[in-house]
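The values are calculated or read from the model by the stated rules, or taken from the named source; none is laboratory data. Note that the structure is a prediction, hence the values are computed from the model and not measured. All Cβ positions, glycine included, derive from the backbone under ideal geometry; neighbour counts span all protein chains shown.
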Amino acid sequence: MAGRPLLDGVTVLDLASVGPAARASRWLADWGADVVKVGPVPADDAVQVTPPAYAYGAHRGMRRVMLDLRSDAGRDAFLRLVAGADVVIESFRPGVMDRLDIGYDDLRAANPDIVLCSTTGFGQTGPRAGWAGHDINYLAVGGYLHCSGRDERGAPVLAGATIADSAGGGLQAVAAICAALVARSTTGGGAHLDVSISDGVLSLMSLAVDEYLAEGVEPGPRHGLLTGRYAWYDLYEASDGGWLAVGAIEPRFFANLCRALGCEQWVDRQYDDGAIDAMRADFATAFATRTRDEWAADLGPADTCVSAVLGIPEVVADEQFGARGSFVDAVHPTAGALRQVAAPLAGQVDATALDVPDFADPHTDEVLAAVGIDADTLAAWRAEGAIA
């Protein structure tokens, strides 16, 4: 993107090491925010998960400080950073921030305009607020898994990506943070954002849930137009064992598909429930006559809404993503050369201009000195183990 980054001048303190909160700070950094990761001092390393070097874009463009938030000096250092920050992201269980004396009231005392984004599995309130969980759990309670396909056991199929963590949690956090920053710019004052990943999954499932609430119809696998009920929104195997995704919803696209497959007999029966099985069988027979890539090359540009199902190595080599600069080369200080997803979301900055840091060599002194903490104080805090 050319010009000034959209979040230029926004400072984010990220207390998370992995999960939705770390995803959110990755995206915020790619929109130009100055993200400072706040981790524990080495003696406390066991309290945080250390992600692989390649994870979260290798933390490109970020800095890290190491603080013992259970110590008075470490907490003082953190609150000094908060005074000059815009956003704090955390993913502790509810109540932990307050017990550390860095809860929202403490942060607001240091900076009345601070935006605190708390990301948890089930939110700050409710009977499950203190429960542990991961992506699979949030997809389960939000209805996603029930409405997915079934495996050979009849069990719901696991998602191929961390949908709850990414869309339900991380992107929800980004949207809420940006909305809070806009509100702050117009009305003043900060906010405490209660980001619940399971609530995020519920919002993703709103079409199915709202149908049930309005019509009393219980959605499930292959229930609706977008979950495989009809033959023209499904997956088909080609002659070489590859798969094709078909999403010919609009009548014009459906008619194009039928003619291309030699199945003109179905053109006028797109929504005929009595024709579903026969239509699906005819489509399957047609797709089985050619390879995946042959079909994709012919049908992709022919207004049929057909795409090849690509494996990750194929995604990385795909010409469309290549043309859009979706991958970037980087060098990690200890892991060496890395190729990674760049900054693909609209309005994000050029990832090639962002350095990959060595978090084993934190930026604690640099970051704390910038908020006015003198060298003697830093040395004293380091000697007592409050910073590293």
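Can you confirm whether G32 is free of Cβ contacts under 8 Å to residues at least 12 places away in the same chain, buried (at least 16 other Cβ atoms within 10 Å of the Cβ) and either in the same structural domain as R184 (by TED's automatic domain parsing) or of a type in the set (S, T, N, Q) (or both)? Steps first, answer last, please.
Values: free of Cβ contacts under 8 Å to residues at least 12 places away in the same chain: no; buried (at least 16 other Cβ atoms within 10 Å of the Cβ): yes; either in the same structural domain as R184 (by TED's automatic domain parsing) or of a type in the set (S, T, N, Q) (or both): yes.
It is false that G32 is free of Cβ contacts under 8 Å to residues at least 12 places away in the same chain, buried (at least 16 other Cβ atoms within 10 Å of the Cβ) and either in the same structural domain as R184 (by TED's automatic domain parsing) or of a type in the set (S, T, N, Q) (or both).
Quick one: which residue in G143, G169, G133, G200 is closer than 26 Å to P94 by Cβ, touching a strand residue (DSSP E or B) at 6+ places or on another chain (Cβ under 6 Å) and either surrounded by fewer than 14 Cβ atoms within 10 Å (Cβ to Cβ) or not hydroxyl-bearing (S, T, Y) (or both)? Steps first, please.
Numbers: G143 fails: touching a strand residue (DSSP E or B) at 6+ places or on another chain (Cβ under 6 Å); G133 fails: touching a strand residue (DSSP E or B) at 6+ places or on another chain (Cβ under 6 Å); G200 fails: touching a strand residue (DSSP E or B) at 6+ places or on another chain (Cβ under 6 Å).
Of G143, G169, G133, G200, the one residue that is closer than 26 Å to P94 by Cβ, touching a strand residue (DSSP E or B) at 6+ places or on another chain (Cβ under 6 Å) and either surrounded by fewer than 14 Cβ atoms within 10 Å (Cβ to Cβ) or not hydroxyl-bearing (S, T, Y) (or both) is G169.
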Inset, instruction - Please go through segment 212-228 and pick out each residue that is in a loop (DSSP other than H, G, I, E, B) and modelled with pLDDT under 95. - result: V217, E218, P219, G220, P221, R222, H223, G224, G228
Legend entry - Candidate set: segment 84-106, residues that are over 28 Å from the mean Cα position of the chain (by Cα) and in a helix (DSSP H, G or I); chosen: the one farthest from A369 (Cα to Cα): R99
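Tell me yes or no: at least one residue of segment 148-156 is at positive phi and buried (at least 18 other Cβ atoms within 10 Å of the Cβ).
Residues of segment 148-156 at positive phi: 154.
Those still in the list that are buried (at least 18 other Cβ atoms within 10 Å of the Cβ) too: none.
No, segment 148-156 has no match at all.
Run down D376, D355 and say which single residue is closer than 18 Å to R26 by Cα and among the charged types (D, E, K, R).
D355
Quick check on this structure: which one of D240, D282 is assigned by TED's automatic domain parsing to the domain that holds D303, without any contact (Cβ under 8 Å) to a residue 60 or more places away in the chain, in contact with a Lys or Arg (Cβ under 7 Å, 6 or more places away or on another chain) and of a type in the set (D, E)? Walk me through it before giving the result.
Values: D282 fails: in contact with a Lys or Arg (Cβ under 7 Å, 6 or more places away or on another chain).
Residue meeting the stated conditions: D240.
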Legend entry - Condition met for D376 (assigned by TED's automatic domain parsing to the domain that holds V35, in a helix (DSSP H, G or I) and free of Cβ contacts under 8 Å to residues at least 40 places away in the same chain): yes
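Might you let me know whether segment 310-317 holds any residue that is in a loop (DSSP other than H, G, I, E, B), within 35 Å of the chain's Cα centre (by Cα) and in contact (Cβ under 8 Å) with a residue 40 or more places away in the chain?
We begin by selecting, within segment 310-317, every residue in a loop (DSSP other than H, G, I, E, B); these are 310-311.
Then keep just the ones that are within 35 Å of the chain's Cα centre (by Cα); that gives 310-311.
Filter once more, keeping what is in contact (Cβ under 8 Å) with a residue 40 or more places away in the chain: none.
No: zero hits.
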Inset, instruction - Under 9 Å between Cβ atoms, at least 6 apart or on separate chains: pull out the pairs that start in segment 176-187 with a residue that is without any contact (Cβ under 8 Å) to a residue 40 or more places away in the chain and end on any residue that is surrounded by 10 or more Cβ atoms within 10 Å (Cβ to Cβ) and not hydrophobic (A, V, I, L, M, F, W, C). - result: A183/G189
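Give the residue, chosen from G103, G57, G126, that is in contact with a Gly (Cβ under 9 Å, 6 or more places away or on another chain) and either buried (at least 16 other Cβ atoms within 10 Å of the Cβ) or modelled with pLDDT of 95 or more (or both).
Numbers: G57 fails: in contact with a Gly (Cβ under 9 Å, 6 or more places away or on another chain); G126 fails: in contact with a Gly (Cβ under 9 Å, 6 or more places away or on another chain).
Matching residue, one of G103, G57, G126: G103.
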Inset, instruction - Sort out which residues of segment 229-274 are of a type in the set (D, E), part of a loop (DSSP other than H, G, I, E, B) and either more than 31 Å from the chain's Cα centre (by Cα) or under 14 Å from A288 (Cβ atoms) (or both), and write them in order of number. - result: D240, D268, D272
Inset, instruction - Specify the residue that is farthest from the chain's Cα centre (by Cα); the eligible residues are those in segment 279-309 that are surrounded by 15 or more Cβ atoms within 10 Å (Cβ to Cβ), of a type in the set (V, I, T) and closer than 24 Å to R269 by Cα. - result: T304
Legend entry - Residue count for segment 298-309, restricted to those that are of a type in the set (A, V, I, L, M) and part of a strand (DSSP E or B): 2
Inset, instruction - Filter segment 111-123 down to the residues that are closer than 14 Å to V82 by Cβ and crowded, with 17+ Cβ neighbours inside 10 Å, then identify the one that is farthest from the chain's Cα centre (by Cα). - result: N111
Inset, instruction - Within segment 330-364, work out how many residues are outside any loop (DSSP other than H, G, I, E, B), buried (at least 16 other Cβ atoms within 10 Å of the Cβ) and not aliphatic (A, V, I, L, M). - result: 3
Inset, instruction - Among what's in segment 251-264 and is touching a residue at least 12 places away in the same chain (Cβ under 8 Å) and over 19 Å from L235 (Cβ atoms), pick the residue that is surrounded by the most Cβ atoms within 10 Å (Cβ to Cβ). - result: A255
Legend entry - Elements of type helices (runs of 4 or more DSSP H) contained in segment 125-187, each with 1 or more residues being closer than 23 Å to Y56 by Cβ and either of a type in the set (K, R) or in the same structural domain as I197 (by TED's automatic domain parsing) (or both): 135-141, 172-187
